[in-house]
Each structure stands twice: as structure tokens, then as C-alpha cells.
């Protein structure tokens, strides 16, 4: 019994330790494929599978990290505040860009899911994939989706974006810091913002602002667009 309790207490420091090791690996070999979040998550999943540890049991003792996501997202407001004067001047343009991006993201995701044979519920669950997890879960629940599926979709979107987002922007010759920030914040939420802030404070500020706008607009547009697309493709 005592040994079991000791093992339970290892989950949290183990998770943090894996991430710190992944960070060191990324610093030594800075390639997108060695993204610290991706590497630590993969290692943790393999470890849980190998040790036959149920995720719900693991999460019971490591859920404090999930709670810390909220203040971590709030911390992104620091670079945003530093660029606030510049953002105010360009607010109409930024709002227009994010609005169009959200419409395209929601419509294309919903339509593609339905076209490949997914149910309306699955399509609704995937539609808020580019929004940070707490909001995406609420949106999915509101429009008849599955919050758990929405959470997974958000995680996958963020991971993929944080790994390939910056190389893709460079390949597409998108070099302007503001454009890079808006693209990453709108497309891949907090994980994308955490990645693009490594490129510079300006990218991080615009990404954080785009993340917030994307969340607000998605919560307003998903209940309108998802039923329209579902009815159109029904």
C-alpha cells in the first residue's frame, strides 16, 4: 500500500522531468521534430502504456499541470501589453484577418469531416479545434459535439502547429513578425503561441492577441456556421 502511494507521487515530478529533458534535447538539436511538448508527450504515453497505467489514475495525481494551463495562458498577456500601442492602430485589419481565418477554419473542418463520412456530432466536435481547450470544450458541448473529442482535436492541432507551423510559414515566405504571430495564434492557439514567441516578442504579442480574438469569434460563429454546413451537406 505504501509502495503504491509512493508510485502515485512520482507521476507529477516524472512528467516535469520528462519535459525538462525534452527541452535540453531540443536546445542541443533544435529541429521541429524534437519539439519539447511532442517529445515529452510521446515519452509519457509510451511509459503509461508500457507500465499499464490507466490515464485517469495518472491524471488524478498530475492534474495540477492542467490547472496551470490557465495562468500560463494569462501570462501570454505580457508580450501583448508590450505591443498594445501598435496593435490598437492595426485593430481593424487584425480583426478582419482573424474573422476570415476563423470562418475558413470552422467551415473547412466541418465540411471535410462530413465529406469523409464523419457524423454530425464528430464534425461539431472538431470544428473548434483551433481554439484553446477550455473554450473549445464549451463550444463543442453547446453545438452538440463531444467535449472529449474536441479536447483531443485541440491538442493535436496545437502539437502539429507548434512542430510544423514555423517551418511552413518560412517555406511559404511569410517572414513578417506580425503575420507570423497572427497565423500561429489563430491556427494553433496556446501551443502555437508558445512556439512563435521563441522567434520574438512581437510575434508572441500578435499571436496572443489573435488567440484571444479567435476564441471569441469561434464561440460566436461556430453555433451559426456548423449547423449551416451540416444542413448544406446533409
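The values are calculated or read from the model by the stated rules, or taken from the named source; none is laboratory data. Note that this is a predicted model, so its numbers are computed, not measured. Heads up, the Cβs are rebuilt from the backbone with ideal geometry, glycines too, and the neighbour counts pull from every protein chain shown.
Could you please let me know if residue 177 is in contact with a helix residue (DSSP H, G or I) (Cβ under 8 Å, 6 or more places away or on another chain) and more than 21 Å from residue 141 (Cβ to Cβ)? It is true that residue 177 is in contact with a helix residue (DSSP H, G or I) (Cβ under 8 Å, 6 or more places away or on another chain) and more than 21 Å from residue 141 (Cβ to Cβ).
Counting residues in segment 43-55 that are modelled with pLDDT of 80 or more and under 19 Å from the mean Cα position of the chain (by Cα) gives one or more.
Can residue 18 be described as outside the structural domain of residue 198 (by TED's automatic domain parsing), free of Cβ contacts under 8 Å to residues at least 60 places away in the same chain, under 19 Å from the mean Cα position of the chain (by Cα) and surrounded by 11 or more Cβ atoms within 10 Å (Cβ to Cβ)? Taking the combined requirement at face value, the residue does not satisfy it. Restricting 204, 200 to residues that are within 25 Å of residue 37 (Cβ to Cβ) and without any contact (Cβ under 8 Å) to a residue 60 or more places away in the chain narrows the list to 200. For segment 196-234: of the residues being under 15 Å from the mean Cα position of the chain (by Cα) and farther than 21 Å from residue 109 by Cβ, which is modelled with the highest pLDDT? Out of the qualifying residues, it is 209.
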